[in-house]
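These notes concern the structure reproduced below.
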Amino acid sequence: MTEEHLKQIQDAAAKLEERAKRDPAFARRVLVEEGIYTEDGELAPEYR
């Protein structure tokens with residue numbers, strides 16, 4: 001991975017973090033999509 005590629009990834013992550021801070025629904029959706037929380041708002045079994 002080049003330094004430029006790493007910088008692009010870091011910039012993209014920072015943008016997602018800012019959006020998640022402004023939009024709780026977006027943050028929740030990401031957590032569900034990543035499998036950290038279930039649709040009903042409970043922690044996924046592997047995180048309990």
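Since every read-out is calculated from the coordinates, none of them should be taken as a lab result. Not measured: the values here are computed from a predicted model. Neighbour counts run over all protein chains shown; Cβ positions are idealised from the backbone, glycine included.
The C-alpha atoms of the chain define a longest principal axis, and helix 24-33 lies at about 90 degrees to it.
With point charges of +1 on the Cβ of Lys and Arg and -1 on the Cβ of Asp and Glu, referenced to the Cα centre of the chain, which listed residue (T2, A12, V32) lies farthest in the positive direction of the dipole? The one lying farthest along the dipole's positive direction is A12. The angle separating the long axis of helix 3-22 from the principal Cα axis of greatest extent in the chain is about 40 degrees.
Extension gain for M1 to E18 (0.36 nm times residue separation, less C-alpha to C-alpha distance): 3.6 nm. For A44, the residues whose modelled amide H falls within less than 5 Å of its own, excluding neighbours fewer than 5 places apart on the same chain, are Y37, T38. The dipole here belongs to the chain: it is taken about the Cα centre, uses +1 on the Cβ of Lys and Arg and -1 on the Cβ of Asp and Glu, and is about 200 debye. This structure gives log10 I(q)/I(0) by the Debye sum over Cα atoms at q = 0.17, 0.20, 0.26, 0.32 Å⁻¹, computed directly, and of [x] -0.66, -0.78, -0.95, -1.13; [y] -0.54, -0.66, -0.91, -1.13; [z] -0.62, -0.73, -0.87, -1.03 that value is listed as [z].
Each label was represented as a point 7 Å from its Cα along the Cα-to-Cβ direction; for A27 and D11 these points are 2.5 nm apart.
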